[in-house]
1. Can you tell me the FRET efficiency between Ser25 and Ser66 if r is taken as the Cβ-Cβ distance and R0 is 25 Å, rounded to the nearest 0.05?
2. Once phi is turned into θ = phi - 60°, what whole-Hz ³J(HN,Hα) does the Karplus curve with 6.51, -1.76 and 1.60 give for every residue of the stretch 18-33, x standing for Gly and Pro?
Amino acid sequence: MLWGRSVELWSGCVSGALEEGEYESLLSEAGFEEIEVEVTHTYPPEQIAGLSGEDAEALRAVPVASASIRARKPVAR
């Protein structure tokens with residue numbers, strides 16, 4: 001990956017991210033059941049160690065992971 005221009009990409013991704021519990025809660029409130037969150041990849045701070053600037057420092061302070069989300073919404077009868 002080209003880390004030189006990726007601060008913008010990382011910060012754009014992280015800026016809208018939710019914590020796992022918050023995401024599950026919102027899905028539940030929307031009527032979803034059987035909610036499963038499976039972490040598929042974690043991004044250690046060392047992976048962005050070559051980045052610089054204020055955004056890079058913020059990214060190093062936040063644990064970041066990719067996940068698959070599964071949930072079922074019952075059919076209304």
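1. Details: r = 20 Å, r/R0 = 0.80.
Approximately 0.80, to the nearest 0.05.
2. Ordered by residue, 3J(HN,Hα) equals 10, 6, 3, x, 5, 5, 4, 4, 5, 5, 4, 4, 7, x, 7, 10 Hz.
Coordinate-derived values only; no laboratory data. Predicted model only: the values in this text are computed from it and were never measured. Quick reminder, even Gly has a Cβ in these numbers, built from the backbone with ideal geometry, and neighbours come from all protein chains shown.
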